[in-house]
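To start, the structure itself, in structure tokens.
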Amino acid sequence: MQLLKKIVINALAIVGLLGMFSCQPKDEKIPAEKVIARAFDTYLTEAEINDLLLEAKTREDSFAIIQNYIQNWAKKKVLLDIAEKNLSSEQLNISKELEDFKSNLLIYRYQQAYIAQHLDTIVSENEIDKYYSEHQNELTLTENIVKAFMIQVPRSFNQINRLRAVYKSEKAQDIKALDVICNKYAYQCNDFNNEWVSFDKLLSFLPSNISNPSEFLKNNKSIELTDTNFVYLVNIKEYKLAGELMPKEWGTKQVVIPNILIQRKLKLLNDLEKKSLEDYIKKNKVEFYYP
């Protein structure tokens, strides 16, 4: 807290650069809390910014956070004052906009609560298959994806040849041996053998980029790379290229289920609006006077 007080003192020097803070009206009532800035008759206190400093790691971080916050706070106050002095009375009348914003916000919040309570999130296989067959134009891959296994071991690992012999194998004894290596010696293991993953994501674990990923996948089933500290081994079990039809597992998770749920949400909201209006008309709460 002592450090914060010292930082605030320094921050006040910066605030002093803004002309508006150079003189304070004598009759103003100053808050009892520690004040770190003033704009006209509004004060910013230390207590209002304490939470912003929780993630600061150094004195310099804290100072930068305070400086940035009070400058932005002051700019808003100044611009608001200028706007109020220069806009016409008609432009200053924002009551309709505020009422519209309040109405839209309350409706949105109710809609979200209604969706959370009523949305059926279970999608059957039949629905997935139907969507997949009817919307294949939406199911084109925009990136390369793979099923693969990656292991990263220290360069000092003395069983590297044994690892090379087992990390591509599907034999039970080799899988068991690989599991031991992963648990005891590996820096990291990423097993994507049974799920599709973005090839770019897989490459992010490796120390160098591949200039033409599509051509690489067509011609390579494995990757072996070395940097100063580690050896990286990757076995590519399957791949699909950008522009091809999404495999069902990938398409279901990335496109089909999200789109089906969006359609259900829209139907829920449309039904809600229609039924609510009909109910209120029956209750004589709403009437239409057509010309």
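The values are calculated or read from the model by the stated rules, or taken from the named source; none is laboratory data. Remember, it's a predicted structure, so these values are computed and weren't measured experimentally. Please note: Cβ atoms are built from the backbone with ideal geometry, for glycine as well, and neighbour counts cover all protein chains shown. The accessibility values were calculated without ligands, DNA or RNA, using every heavy atom of the protein model including side chains. Shrake-Rupley method; radii C 1.70, N 1.55, O 1.52, S 1.80 Å.
Numbers below:
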item	result
Checking D227 against (1) at pLDDT 95 or above; (2) surrounded by 12 or more Cβ atoms within 10 Å (Cβ to Cβ), the condition it does not meet	(1)
Among residues of region 186-203, those that are out of contact with any helix residue (DSSP H, G or I) (no Cβ under 8 Å at 6 or more places or on another chain) and under 18 Å from K237 (Cα atoms), counted	7
Every pair of residues 6+ apart whose Cβ atoms lie under 8 Å, when the first sits in region 235-252 and is closer than 13 Å to F192 by Cβ while the second is open to solvent by 20 Å² or more (accessible area, probe 1.4 Å) and small (G, A, S)	N235/S222; I236/S222
Filter result for K76 (more than 30 Å from L266 (Cα to Cα), open to solvent by 70 Å² or more (accessible area, probe 1.4 Å) and either within 27 Å of the chain's Cα centre (by Cα) or modelled with pLDDT of 90 or more (or both))	yes
Residues that are free of Cβ contacts under 8 Å to residues at least 12 places away in the same chain, under 21 Å from Y239 (Cα atoms) and open to solvent by less than 70 Å² (accessible area, probe 1.4 Å), drawn from region 140-185	S169
Selection from region 172-209 of residues that are within 21 Å of V146 (Cα to Cα) and β-branched (V, I, T)	I175, V197
